[in-house]
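*Asks:* Have a look at the structure that comes next, please.
The values are calculated or read from the model by the stated rules, or taken from the named source; none is laboratory data. Given the structure is predicted, the values throughout are model-derived calculations rather than measurements. In this analysis, Cβ positions are derived from the backbone assuming ideal geometry, glycine residues included, and neighbour counts consider all displayed protein chains. Just so you know, the surface numbers come from the protein's heavy atoms only, side chains and all, with ligands and any DNA or RNA stripped out. Shrake-Rupley method; radii C 1.70, N 1.55, O 1.52, S 1.80 Å.
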Amino acid sequence: MERTMIKDVFEKSKKNVVLRGWVYDSRDLSKVRFVVLKDVSGRIQITGIQGKTDAQVFKLMKNIPKESAIEVVGRVEKSDKAPGGKEILPESIKIIAQAESPLPIDVSDFSKTELPKRLDYRFLDLHRPKIQAIFKIQSNLMQGFREFMIKEGAIECQFPEIIGSSSEGGTDLFEIKYFEKKAYLSQSCQLYKQMLVCSMEKVFAIFPTWRSEKHNTVRHLNEARQFDYEQGFADDKIVMDVLGRCVQYMVGKVIDENSDELKLLDVKLKVPKIKYLTFEKTNKLLEEKGVEIDERDLSGEAEKKLDELYPDTIVFVHDWPMKGKPFYIMPKDEKADAELSNGFDAIYKGMEVSSGGQRIHLPELLIKRLKAKGLNPKDFKSYIDSFRYGAPEHAGWGLGVERLTQVLLGLNNIREAVLFPRDRDRLSP
Ligand code: AMO
């Protein structure tokens, strides 16, 4: 007989089923024994009754360690007492893989195991439906990103993960040995996506990035992923609009398709509104509210305040000061000495989730900006040359996959939004 998923036992009318899954819990009331079986789709009660259930099966039900993988063949029965209104009366139970006991972490719904220990045993932590819910939603965000981008007419691209020079500025690079040369793990696909839109017009990627930032915070990872977008014949205004619509689409999809997971995580989501503010206007607003101002960036406190002022809103802070932006961001009016740029950050639910802007497509201006940032134009030769043969103005953005997951689900620590986080101290599992 074919395997039935537990969800289908509740949603379809089935009489005899084969279920495979893991033992969540078991209870022995001497004459009646219960095993709660779970698979990726749900949970169901298996009920053994002394005298009615096969004696061997009834005996086995007493002693299966939690989280063991088992197969249950049995009959579906309606029951007022069983959660969900149905239970399984087992004909046979087979142990597929017995779990060692005791478990090193608590994987019950009431688990109080601390995050570092949970991450040490992430493979087991994922036995919890609540933890799976985070990654089911993240998977749907990725799916939503792809759907939206394809509808926009963008082409999905793969970029190199090993680079010869920095793409975001000189610091925070992980150096690696590449035969006789020095190379680095990619900080972003920035330079490559820019080169591509000079021919392919609209490109996107879900791209892993590495930053050797030393600080250990609840919002930084050393290995993070970005939703990347780049568009030719476009400026910052055009791509901010694309980003706003893209996040609205992704969040709308999660609301529509992940109601079970959102319920489990006790998260209520709304499709975000959009607000545009210049950096100057933002700072004025924040100053009035008593927030300390930085002339090149927004502090964590400032980002939180913006959420209070504009809840459930993506706030695009644009016309960002040149000082606070990387070398590739276009200065206002294409003037090398401009104070403001065509760069922006997007703040959502109290955190920077994305940054982007219009890029420099003029080789001479790019060389000036590289030098101004203390970088050597020789290291960027092919990148600069790519703008010598009909490069249009262009713009784009990078949206943090884990940051977006974190803010949407209200997770305290960004590590909750990564299956296997890489941070200053963690390389395993
Ligand atoms: P930036 O460095 O601002 O821009 O990164 C874009 C977005 O990626 C996420 N992010 C991170 N998430 C977790 N840990 C980190 N260490 C980390 N660093 C960045 C954030 C951030 O807003 N190339 C540009 C984007 C562009 O202009 O297209 C870039 O990388 O959500």
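*Asks:* For segment 144-175, what are the residues that are within 13 Å of the ligand (Cβ to nearest atom), polar (S, T, N, Q) and either open to solvent by less than 50 Å² (accessible area, probe 1.4 Å) or under 26 Å from Met250 (Cα atoms) (or both)?
*Replies:* First, pick out the residues of segment 144-175 that are within 13 Å of the ligand (Cβ to nearest atom): 159, 163, 166-169, 171-174.
So of that shortlist, the ones also polar (S, T, N, Q) come out as 166-167, 171.
The answer is Ser166, Ser167.
*Asks:* I'd like to know if segment 302-322 contains one or more residues that are touching a residue at least 60 places away in the same chain (Cβ under 8 Å) and part of a loop (DSSP other than H, G, I, E, B).
*Replies:* Among the residues of segment 302-322, not one is touching a residue at least 60 places away in the same chain (Cβ under 8 Å) and part of a loop (DSSP other than H, G, I, E, B), which makes the answer no.
*Asks:* Right, next: What is the residue count in segment 92-124 for residues that are touching a strand residue (DSSP E or B) at 6+ places or on another chain (Cβ under 7 Å), without any contact (Cβ under 8 Å) to a residue 40 or more places away in the chain and surrounded by 14 or more Cβ atoms within 10 Å (Cβ to Cβ)?
*Replies:* 1
*Asks:* I would also like to ask the following. Looking only at strands (runs of 3 or more DSSP E) that fall completely inside segment 1-58, which ones have 2 or more residues that are exposed (fewer than 15 other Cβ atoms within 10 Å of the Cβ)?
*Replies:* 16-28
*Asks:* Any idea which of Ala346, Ala391 is more than 14 Å from the chain's Cα centre (by Cα), open to solvent by less than 40 Å² (accessible area, probe 1.4 Å) and within 12 Å of the ligand (Cβ to nearest atom)?
*Replies:* Exactly one of Ala346, Ala391 is more than 14 Å from the chain's Cα centre (by Cα), open to solvent by less than 40 Å² (accessible area, probe 1.4 Å) and within 12 Å of the ligand (Cβ to nearest atom), namely Ala346.
*Asks:* Quick one: Lys371 ticks every box in (1) over 27 Å from His220 (Cα atoms); (2) surrounded by fewer than 23 Cβ atoms within 10 Å (Cβ to Cβ); (3) within 14 Å of the ligand (Cβ to nearest atom) bar one, so which box is it?
*Replies:* (3)
*Asks:* How many of the residues in segment 59-115 are assigned to a loop (DSSP other than H, G, I, E, B) and of a type in the set (A, V, I, L, M)? If you could, list the steps in order and put the result at the bottom.
*Replies:* Here is the first cut: in segment 59-115, the ones assigned to a loop (DSSP other than H, G, I, E, B) are 61-68, 79-82, 98-114.
In the following step, the residues that additionally are of a type in the set (A, V, I, L, M) were identified as 61, 64, 82, 99, 103, 105, 107.
Residues that pass the stated criteria total 7.
*Asks:* Within segment 279-296, can one find any residue that is hydroxyl-bearing (Ser, Thr, Tyr), within 11 Å of the ligand (Cβ to nearest atom) and open to solvent by less than 30 Å² (accessible area, probe 1.4 Å)? Give the derivation first.
*Replies:* First, the residues of segment 279-296 that are hydroxyl-bearing (Ser, Thr, Tyr): 282.
The next check asks that each one be within 11 Å of the ligand (Cβ to nearest atom); those that pass are none.
Taking every residue of segment 279-296 in turn, none turns out to be hydroxyl-bearing (Ser, Thr, Tyr), within 11 Å of the ligand (Cβ to nearest atom) and open to solvent by less than 30 Å² (accessible area, probe 1.4 Å).
*Asks:* Pick out the one residue from Leu185, Leu191, Leu141 that is within 14 Å of the ligand (Cβ to nearest atom) and open to solvent by 30 Å² or more (accessible area, probe 1.4 Å).
*Replies:* Exactly one of Leu185, Leu191, Leu141 is within 14 Å of the ligand (Cβ to nearest atom) and open to solvent by 30 Å² or more (accessible area, probe 1.4 Å), namely Leu185.
*Asks:* Conditions first: (1) assigned by TED's automatic domain parsing to the domain that holds Met250; (2) at pLDDT 95 or above; (3) not basic (Lys, Arg). Pro102 passes all but one, so which condition is the exception?
*Replies:* Just one mismatch for Pro102, condition (1).
*Asks:* While we're here: Looking only at segment 349-366, which residues are open to solvent by 20 Å² or more (accessible area, probe 1.4 Å), closer than 18 Å to Ser299 by Cβ and more than 11 Å from the ligand (Cβ to nearest atom)?
*Replies:* Lys349
*Asks:* Determine whether segment 48-71 contains at least one residue that is closer than 17 Å to Lys14 by Cα and among the hydroxyl-bearing types (Ser, Thr, Tyr).
*Replies:* no
*Asks:* Since Val317 meets every condition but one in (1) within 16 Å of the ligand (Cβ to nearest atom); (2) under 22 Å from the mean Cα position of the chain (by Cα); (3) not small (Gly, Ala, Ser), which condition does it not meet?
*Replies:* Here Val317 clears every test but (2).
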